[in-house]
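Please see the structure below; I have some questions.
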Amino acid sequence: MPRIQAATLAEHRAAQRAALLDAARALLSRRPDQLPSLAEVAQQAGLARSSTYSYFRSRNDLFDALVVDTFPRWATYVEQHMNTATTSGHKIFAYIEANLRLVARGDHALARALATVGSSETLATSSRLMHDRLEAPLRAALTDHGASDPERIAELIQSTVFALSRMIESGLSVDAATGLARELLSPYLRVHTG
C-alpha cells in the first residue's frame, strides 16, 4: 500500500474513532444518568453499529477510552485560560474561573458520569494524571504569588472550586459563582473585583 493511502486510511480511522468518542460524550452530556449503548453511540456518530467494534471491543472499552480522552481536555482548557493571565493573582483566579465555566458547561456532570462507567484502573490513572496536571500550574502560580505553602493553599482553592461547583449544579449562575470566588479571594490574589 502506498504511503499516501496508508496515511489517508490512518486519518480516516482516527476521524471515525474521534466521531465515536464525541458521540458518546454528547449522549452522556445530555443524559449523564443513562449509559448509552454502542448502537446509540454509532447512530449518533452516523456510523454502523458493527463499525464500532473496529475501534472498541466493548461498551466499557469505549467509555475507558472516553475517560482517557476527556480528562486531558479539561486540563488543557484550564491551562489555556491560565496562560492568558498576566499576573500570578490573575492566573490563580483564571484557574478557578475556568473550572467553574467547565462545570456550568456540563463537563463536570460528564466527568461524574464517566467516573461511574470507566474501569477503576483507567479512571484512577486518568484522574491522578489530570489532578497532577491541573495542580502543577496552580501551585506554580501560588509560588510566584508568594504563598507560604502552595500545596496546602492549592487544596483550599480546590475546596472553594468544589463548593462553588456544587452551587452551580444547584442552580447558581456561573457569573454569580465567579463573583463569589472573586469576592472571597480578591484580597489575597490582589485582583480587581469589578
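Take the range 76-113 and flag every residue that is out of contact with any Pro (no Cβ under 9 Å at 6 or more places or on another chain), crowded, with 16+ Cβ neighbours inside 10 Å and either at pLDDT below 90 or under 20 Å from ALA65 (Cβ atoms) (or both).
Of everything in the range 76-113, those that are out of contact with any Pro (no Cβ under 9 Å at 6 or more places or on another chain), crowded, with 16+ Cβ neighbours inside 10 Å and either at pLDDT below 90 or under 20 Å from ALA65 (Cβ atoms) (or both) turn out to be TYR77, LEU102, VAL103, ALA104, ASP107, HIS108, ALA111.
Anything in the range 160-177 that is among the hydroxyl-bearing types (Ser, Thr, Tyr) and either within 20 Å of SER29 (Cβ to Cβ) or modelled with pLDDT under 95 (or both)? List them, or say none.
SER165, SER170, SER173
Going by what's in this entry, would PRO32 be described as in contact with a Leu (Cβ under 7 Å, 6 or more places away or on another chain), closer than 29 Å to LEU138 by Cβ, assigned to a loop (DSSP other than H, G, I, E, B) and not aromatic (Phe, Trp, Tyr)?
yes
If ALA19 meets every condition in (1) over 23 Å from the mean Cα position of the chain (by Cα); (2) part of a helix (DSSP H, G or I) apart from one, which number is that one?
Here ALA19 clears every test but (1).
Name the pairs: first residue in the range 30-46 and over 16 Å from ARG17 (Cα atoms), second residue charged (D, E, K, R) and buried (at least 19 other Cβ atoms within 10 Å of the Cβ), Cβ to Cβ under 8 Å, at least 6 apart or on different chains?
Nothing qualifies.
Considering only the range 42-64, how many residues are in contact with a Lys or Arg (Cβ under 8 Å, 6 or more places away or on another chain) and part of a helix (DSSP H, G or I)?
Adding up the residues that qualify gives 2.
The values are calculated or read from the model by the stated rules, or taken from the named source; none is laboratory data. Remember, predicted model here, so these are calculated numbers, not experimental data. Every residue, glycine as well, gets a Cβ built from its backbone with ideal geometry; the counts of neighbours run over all protein chains shown.
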